[in-house]
Amino acid sequence: MADNGQFFTLKEVFQGEEIEAIYRVARKPVDNQEEIDLSQAEDPMARMGQGFCPAFNQRTYEAAPGIICHQDVEVVLRDGCKIYTDIFLPKNLTEKIPCIVSWSWFGKRPGDGMSEWQIMGVPPHTVSKLAKFESSDPAYWCYYGYAVANVDVRGAGHSEGNVHMFTHQDREDGYDFIEWLATQDWCNGKIGMTGNSGVAMHQWGIASECPPHLACIAPWESTTDLFADSLFEGGVPALSFNEFIAAQVTGLGGVDDQVAMARKYPFRNGYWNDKVADFKKVRIPVYQTAGWSHFHLPGSIRAYVQCKSRLKWLRAHRDFEWPDTYDPQNLKDLRLFYDRYLKDIHNGWEMTPKVRLDVMDAMDHDYAVRRPENEFPLKRTIYKKYYLDASDPENLTMRDEPVTVESSVSYEGATREDGYIDRVEFDMTFNEDTELTGYMWLRLWVSCEGYDDMDMFVNIQKADSKGNWIPWLTLNEPHPGAWGKMRVSRRELDEKKTKKYWPVQAQLREVKLKEGEVVPVDIAIVPSSRIWHKGQKLRIQIAGNYIREGWFEPLSWDVDNKGKHVIHTGGQYDSWIQVPYIPTKISEQFAKLGMEFTDDGYDYR
């Protein structure tokens, strides 16, 4: 072990590969925190209680009317490591009840340091101070006959050891905790897990270990491949947000430093692969949500599609994760799910559509809300290609058929000193109402004038007939649209994982560009669902950095851009976008009968 006071390293085995893992020393708990009010902190994430650790205090007390809390309960894991949990129970229990687990390093009692919860998009006092960040609220669930366990995982708070973020160690610890919980004298032996974002991400890994008493999970918004979805999405490094997250952790030991590991191991290896759950092993009931607007989106859909449970449900929506989590309608929906699989109440939950989709339109208006579907991607999808055409610099467009004339257009790759991001935009007008739901695939032929690499950022947008951008809103902010990223030196694909609708980068090495070399790149566009009305334009926006203003999360990308980025179209450079066109359900049903549905009625073909 090497230790410099701020970081230390340990040799560990990940996926059969011995790797030197880097840990940052966690910030230490401060016992005298009675006077702290996190709601007054300048840091918006501190105002939401991330990493707060109140004094160690083993006791049992009435945390709210009718709710008992067993605080700082010790749990011993298989290797002897001691972790601590707060368990909230309804007062005066007369029967055994199930338990909902919140598993993360965020701090199991952050409300102790707050005058009120400060959760963006959620009105004050909606969530009680008993709740853990991004987790179930005991002041809701205990009144409906559930226990809630807020856990400080290994290394967090006063729990022993080092924080392992989404590794095999974390999965094994979760298994041990669930099996311990199931033996408690108040428990009916059925355990569920819930929570959004970071609290959701752990659930897939623990569920893949198949603890016998884990009855169901509800991972609401869950990045499920840290390397591909966050740190190196499209191959472009994005380290600042993850560095910020690691700095929030309070504990007695170290914190798995994913940013330091990204700098040391910038390509896939056993360490990164160890953080991806084996979704195929998950066979218990699953209720997954996915927000069209946030970076958890691709991981949420991936896990849902790949898991093998026959009892799985997906709800995809336009909202940000926090208001969606605490929306009363959604809480009732989740309670039906838990009542069915944690209490064995036959309440008709199975009649819930397997997939429910919000089909977005413009601003805060949805074309369809919770539209029922049977699967995702939709079986009735028709994949269409539109070919980019740069022959007219004043009218960059797309066409239904391959373009014969070779041409090109360029933009400055680097962001200007005044912050302006140069861009190009290809527009195409729809001559009928058109729904695109699912995955898009953008194939571009590119070269760089004056440099050997390119970082490319793509937004898929909607514009009106005059070319004015029509965004959708998230937290009342205009969203740039379904996105994709590409570091051109990491363009090689993983052929085994690539689907007909979704390219997957291998990210095992980099292949730099040669001067004047034109290469194809395959850019995965995250899933989305949106309607374009007749006369509106499909727009592909391409730039050297992400174009978004005013967003509260500290997201940034370590771009490596110099010179001009050139996009080639036509002839041998068949740049195109493949889109998931969705015929209406009624037209599909008529087609099966050999009939055609029209606005005026229907005709036999």
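Applying the set (1) hydrophobic (A, V, I, L, M, F, W, C); (2) within 21 Å of the chain's Cα centre (by Cα); (3) within 22 Å of LYS275 (Cβ to Cβ) to VAL151 leaves exactly one unmet item: (2).
Evaluating GLY121 against the criteria (1) on the phi > 0 side of the Ramachandran plot; (2) modelled with pLDDT of 95 or more leaves one unmet condition, (2). Counting only strands (runs of 3 or more DSSP E) that fall entirely inside the stretch 241-323 and contain at least 2 residues that are farther than 20 Å from GLY174 by Cα, the qualifying elements are 286-291, 312-317.
From the list GLN536, GLN541, GLN572, the lone residue that is in the same structural domain as LEU475 (by TED's automatic domain parsing), touching a residue at least 24 places away in the same chain (Cβ under 8 Å) and surrounded by fewer than 16 Cβ atoms within 10 Å (Cβ to Cβ) is GLN572. Looking only at residues of the stretch 367-420 that are closer than 23 Å to VAL305 by Cβ and among the β-branched types (Val, Ile, Thr), we find that the one that is surrounded by the most Cβ atoms within 10 Å (Cβ to Cβ) is THR381. May I ask you to verify whether TYR439 is of a type in the set (Phe, Trp, Tyr), modelled with pLDDT of 95 or more and out of contact with any Leu (no Cβ under 8 Å at 6 or more places or on another chain)? Criteria met by TYR439. Out of ARG171, ARG154, one residue alone is of a type in the set (Lys, Arg), surrounded by fewer than 24 Cβ atoms within 10 Å (Cβ to Cβ) and touching a residue at least 24 places away in the same chain (Cβ under 8 Å). It is ARG171. Of ASP339, ASP366, ASP389, ASP324, which residue is in the same structural domain as HIS565 (by TED's automatic domain parsing) and of a type in the set (Asp, Glu)? Unique residue meeting the criteria: ASP389.
Within the stretch 230-240, track down each residue that is closer than 12 Å to MET456 by Cα and either in the same structural domain as ARG509 (by TED's automatic domain parsing) or part of a helix (DSSP H, G or I) (or both). Those that are closer than 12 Å to MET456 by Cα and either in the same structural domain as ARG509 (by TED's automatic domain parsing) or part of a helix (DSSP H, G or I) (or both): GLU233, GLY234, GLY235. All conditions but one from (1) within 22 Å of ASP361 (Cα to Cα); (2) of a type in the set (Val, Ile, Thr); (3) assigned to a strand (DSSP E or B) apply to VAL521; the one that does not is (1).
Among the residues of the stretch 507-526, those identified as among the hydrophobic types (A, V, I, L, M, F, W, C) and touching a helix residue (DSSP H, G or I) at 6+ places or on another chain (Cβ under 8 Å) are VAL511, LEU513, VAL519, VAL521, ILE523, ALA524, VAL526. For VAL409, the requirement of being assigned by TED's automatic domain parsing to the domain that holds ILE460 and in a loop (DSSP other than H, G, I, E, B) is not met. Return the residues of the stretch 158-177 that are more than 21 Å from ASP274 (Cα to Cα) and either hydroxyl-bearing (Ser, Thr, Tyr) or touching an Asp or Glu at 6+ places or on another chain (Cβ under 9 Å) (or both); say none if nothing qualifies. Hits for the stretch 158-177 are HIS158, SER159.
Against the conditions (1) outside any strand (DSSP E or B); (2) under 29 Å from the mean Cα position of the chain (by Cα); (3) crowded, with 19+ Cβ neighbours inside 10 Å, LEU336 satisfies every one except (3).
Of the residues making up the stretch 87-102, those that are modelled with pLDDT of 95 or more and surrounded by fewer than 19 Cβ atoms within 10 Å (Cβ to Cβ) number 3. Residues satisfying the criterion are absent from the stretch 115-124 (criterion: crowded, with 22+ Cβ neighbours inside 10 Å and over 18 Å from TYR326 (Cβ atoms)).
Rundown of residues vs (1) in contact (Cβ under 8 Å) with a residue 40 or more places away in the chain; (2) of a type in the set (Gly, Ala, Ser); (3) over 24 Å from PRO211 (Cα atoms), yes/no style:
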position: ASN57; (1), (2), (3): no, no, yes
position: ASP72; (1), (2), (3): yes, no, no
position: ILE87; (1), (2), (3): yes, no, no
position: PHE106; (1), (2), (3): yes, no, no
position: ASP112; (1), (2), (3): yes, no, yes
position: HIS125; (1), (2), (3): no, no, yes
position: VAL148; (1), (2), (3): yes, no, no
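Annotation: of all residues in the stretch 550-569 being crowded, with 18+ Cβ neighbours inside 10 Å and aliphatic (A, V, I, L, M), the one that is farthest from ILE540 (Cα to Cα) is VAL559.
Going through the stretch 176-216 one residue at a time, which ones are within 16 Å of the chain's Cα centre (by Cα) and either among the hydrophobic types (A, V, I, L, M, F, W, C) or assigned to a helix (DSSP H, G or I) (or both)? Spell out the reasoning first.
Within the stretch 176-216, the subset within 16 Å of the chain's Cα centre (by Cα) is 194-205.
Correct list: GLY198, VAL199, ALA200, MET201, HIS202, GLN203, TRP204, GLY205.
Against the test of being over 20 Å from ILE206 (Cβ atoms) and among the charged types (D, E, K, R), the options ASP257, ASP274, ASP278, ASP229 yield a single qualifying residue, ASP257. Note on the stretch 231-249: among residues that are at pLDDT below 90 and not small (Gly, Ala, Ser), the one that is farthest from TYR271 (Cα to Cα) is GLN248.
Within the stretch 375-406, the residues that satisfy the criterion of being of a type in the set (D, E, K, R) and assigned to a loop (DSSP other than H, G, I, E, B) are GLU375, LYS379, ARG380, ASP392, GLU394, ASP400, GLU401, GLU406.
Select from the stretch 551-598 the residues that are among the small types (Gly, Ala, Ser) and at pLDDT below 95 and write down the one among them that is nearest to the chain's Cα centre (by Cα).
Per the stated criteria, the residue is SER556.
Cβ-Cβ contacts under 6 Å between residues 6 or more apart (or on different chains), taken from a first residue in the stretch 214-232 that is over 18 Å from ILE523 (Cα atoms) and in contact (Cβ under 8 Å) with a residue 60 or more places away in the chain to a second residue that is among the charged types (D, E, K, R) and assigned to a helix (DSSP H, G or I), are listed as GLU221/GLU321; THR223/ASP229; THR224/ARG302.
The values are calculated or read from the model by the stated rules, or taken from the named source; none is laboratory data. Being a predicted model, the structure only gives us computed values, none of them experimental. Please note: Cβ atoms are built from the backbone with ideal geometry, for glycine as well, and neighbour counts cover all protein chains shown.
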